[in-house]
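One structure is given below, encoded as structure tokens.
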Amino acid sequence: MMGEQPQKVVKDRDRPSGLESFLGSDVLIIWGVRVFFHTAGQGVFCCPRCGADRRYRRRSGRRFFTLFFVPIIPLSKVGEHVQCATCRTRYHPEALTLPRPAEQSAGAG
């Protein structure tokens, strides 16, 4: 038994606690900022691209701080838009004030 190294006994007090070992290791944290939209209203309008009466969604956006792709903290409002349900084109909310074809023909007669 010559030349054998004595084994070191590790006691519980020599081991780092769970938090110390966690903070001492590499940790991957995924964070960012993203805009999320929600529907504020719906209706019918004359879509300039489709050229006909189409259903629309009025949508409001808000920027969020995200942690692991989950929205955590609401930051700032980013505005509103109107989206055609058929062609999915987005317009400024003023597009709702454009006259519809049915209104134009009724006003002409």
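The values are calculated or read from the model by the stated rules, or taken from the named source; none is laboratory data. This one's a predicted model, so the numbers in the text were calculated from it and none came from an experiment. Don't worry about glycine lacking a Cβ; one is built from the backbone with ideal geometry, like all the others, and counts go over all protein chains shown.
For the stretch 42-90, a tally of residues being more than 21 Å from the chain's Cα centre (by Cα), of a type in the set (Lys, Arg) and surrounded by fewer than 16 Cβ atoms within 10 Å (Cβ to Cβ) returns 2. Among the residues of this structure, Cys50 counts as one that is in contact with a Ser or Thr (Cβ under 6 Å, 6 or more places away or on another chain), of a type outside the set (D, E, K, R) and modelled with pLDDT under 95.
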